1. Tell me which residues, restricted to segment 455-472, are assigned to a strand (DSSP E or B) and surrounded by 14 or more Cβ atoms within 10 Å (Cβ to Cβ).
2. Taking the residues in segment 247-287 that are buried (at least 18 other Cβ atoms within 10 Å of the Cβ) and aromatic (Phe, Trp, Tyr) as candidates, determine which candidate is modelled with the highest pLDDT.
3. Could you pull out the residue among Val374, Val360, Val393, Val327 that is hydrophobic (A, V, I, L, M, F, W, C), at pLDDT below 95 and either within 23 Å of Gln155 (Cα to Cα) or in contact with a strand residue (DSSP E or B) (Cβ under 6 Å, 6 or more places away or on another chain) (or both)?
4. Looking only at segment 37-56, count every residue that is touching a residue at least 12 places away in the same chain (Cβ under 8 Å), over 24 Å from Thr164 (Cα atoms) and either part of a loop (DSSP other than H, G, I, E, B) or among the aromatic types (Phe, Trp, Tyr) (or both) and tell me the total.
5. Here are some conditions: (1) over 22 Å from Ala438 (Cα atoms); (2) free of Cβ contacts under 8 Å to residues at least 12 places away in the same chain. His334 meets all but one. Which one does it not meet?
6. Just for segment 310-337: of the residues that are over 21 Å from the mean Cα position of the chain (by Cα) and surrounded by fewer than 17 Cβ atoms within 10 Å (Cβ to Cβ), which one is nearest to Ile98 (Cα to Cα)?
7. Can you find a residue in segment 69-77 that is assigned to a loop (DSSP other than H, G, I, E, B), buried (at least 16 other Cβ atoms within 10 Å of the Cβ), in contact (Cβ under 8 Å) with a residue 40 or more places away in the chain and among the β-branched types (Val, Ile, Thr)?
8. Which residue is farthest from the chain's Cα centre (by Cα), if the candidates are limited to segment 400-448 and must be of a type in the set (S, T, N, Q) and assigned to a loop (DSSP other than H, G, I, E, B)?
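The values are calculated or read from the model by the stated rules, or taken from the named source; none is laboratory data. As the structure is a computational prediction, the values presented were derived from the model and not from experiment. Cβ atoms come from the backbone with ideal geometry, glycine included; neighbour counts cover every protein chain shown.
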Amino acid sequence: MGAKVIVATADQVDVSFTKTWSPSLDKEVPLNVDKRYILLRGSSGFYSYSIFEHLQGWPALNIDEARIAFKLHQDMVMPTDKDRQAGNPLAYPEAVIISHPSNPQLKGEVDDKYEYSCNNEDNHVHGWISSTNPRIGFWVVMPGDEFRAGGHIKQDLTSHAGPTSLATFFSNHYAGDTFGVSLHNMYLNSGPSTSAIWGDAKRQTAEEMRKWPYDFPQSPDFPDANQRGAITGRLLVHDIVTAPAKSAYVGLDPPGVVGSWQEDTKVPGVIGDYKHPSDITILPGKQVAIGEAVYSAPRNCPTLWEIGIPDRTAAEFYIPDPYPNLVNKLFINHTEKYRQYGLWSRYTDLYPRNDLVYTVGVSDYRKDWFFAHVTRNANGQYLATTWKIVFNVKNVMSRGTYTLQLALASASYAEIQVGVNDRPYFTTGKIGKENVIARHGIHGLYRLFSVKILGSLLVEGTNTVYLRQLRGGNPFFGVLYDYIRLEAPPLP
């Protein structure tokens, strides 16, 4: 370990703490780490970033996640680790019911750090306010998104009981392998009330976002504003008609297959991913103009029926109320109702013997399509489940090919088999390691399967598509659907 003062002026102090690897340290992680801390005059906080270096020829390694964890004074905020240890355990170690808290107001609350996960695009400030007098706030402030691997809709942990606050560089939570580096601001404040402290933290966050990218880090690895490249152009989507790709998410990928890092261009309301046909090199300080790009969305022919909204989440589907003894008051009348603990178990309550049946033209996906295709608990045995979509077809084109667009918002150790009129027809194979169901998420990694269905398999009148989640044995095996659409064959 080493320490070095990088900058020491009347307005700024920048200190470096380093760990250098060598072959003699064969039991250590083969990685050079440089942790930087910056103090600025007039700022009641500090900035922190890290530089990771893995040299050519060094042993290979996989890094699942990297983050700075701030462990605050346990006597200042609640619930504490002791409150958790004295609580009643739930389905996994991270979740407990606070049964003997030091603060009686917390009795009966579920404490689970995954309930407080957040999308990167919404995760700009989180932290703690002390229970002491005067009250003190500790806040992790993220001024931008581009330095966090996984993009805007990647989810990650924030703050949780301990008390702990996390500044995450990269992680595999709710996804798969990701990688990146990050710079955060840790901000401390005080005030007469919790609302005043929170309001000041949001004001400071807006100020940090205005200053991004920062101009004071002294590392040559941190490009300032005039060293950053830019790309301009116009993105259109062709889906029967051509229209501007309004509200599109545009990300960067290394050269490779489409969707490789879930960071290709994507447009709400349109299925699939778009990858520019050419590799684009963005150079420091340069602007690249790509002109007009048109994404031809997957479509065989006009829609016969659809379930859901193609937005890469399952948020529009039916999300049940939590069990009364497992309610987190934070999420009562909240847009993120899915953060409540134990919702996966409600499927068995709603469908104790027979699985979900959705009738096109009669059912409403907002009320009749459970948000997660999970297993059923049969006296402690978690059984695979089969959902049915019942629909009518007039004038079947028996010599044509229909297309079932099956978009998944997430998968956790699952396998979906598609059957047509009770005939097994297609399987996804085993997919997904996101563990979104257990961790109260509503999306993970996006997958799209375009299933070709021979018209000869359909009949005039009533037909059924079967969605069988084949893997049982665990309450958290399953998928979250994003959107399902049946398309007619192309016209001759």
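1. Asn463, Thr464, Val465, Tyr466, Leu467, Arg468, Gln469
2. This residue is Tyr274.
3. The match here is Val327.
4. Here the count works out to 3.
5. (1)
6. The selected residue is Asn325.
7. Yes, some residue in segment 69-77 is assigned to a loop (DSSP other than H, G, I, E, B), buried (at least 16 other Cβ atoms within 10 Å of the Cβ), in contact (Cβ under 8 Å) with a residue 40 or more places away in the chain and among the β-branched types (Val, Ile, Thr).
8. Restricting to residues being of a type in the set (S, T, N, Q) and assigned to a loop (DSSP other than H, G, I, E, B), the top hit is Asn421.
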